[in-house]
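Participant: Dumping the structure here so I can ask a few things about it.
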Amino acid sequence: MILSLASLPFAPAIGIGLLGGGLVGLLHFVGLRYTVRLLATGRTGLALASQGLRVLASALLLAALFHFGVSALLAGFVGFLVARQALLRDGAAGGNPPSPTGEPDA
């Protein structure tokens, strides 16, 4: 017997959506920080590539979550926004965001 993804029970769909949305949200917004630093240093080509990868990863996640059902898709949006809020709060508490190379600021 094959279980259709669209007929996934409510609780697992919500869990998959929150987890997937949270992880891709973290990648998306950490990548945004990196993209802004690239733009600030004049590395426009790399910044555009980074932007494209972020948007592509987010779109692929949403398309994948759509196959699990509307509840998974909505939970993915919530996970994405929770990751955004967590990173905004982390950035506000720490002052400056970490450098993209991982080296401490001088």
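Participant: Any chance you could run the full-extension gain for Arg43 through Leu74? It's 0.36 nm times the residue separation minus the Cα-Cα distance, nm to one decimal.
Facilitator: Full extension of this stretch gives 7.6 nm more.
Participant: For Leu88 and Leu53, compute 0.36 nm times the residue count separating them, minus their Cα-Cα distance, and round to one decimal in nm.
Facilitator: 10.5 nm
Participant: Relative contact order, percent, of segment 18-91 when contacts are C-alpha pairs under 8 Å separated by at least 6 residues?
Facilitator: 55 percent
Participant: How many times 2.2 N^0.38 Å is the alpha carbon radius of gyration of segment 18-91?
Facilitator: For segment 18-91, the normalised Cα radius of gyration is 1.18.
Each reported figure results from applying straightforward, stated rules to the coordinates on display, with no laboratory input. The model shown is predicted, which means the values in this text are computed figures rather than measured ones.
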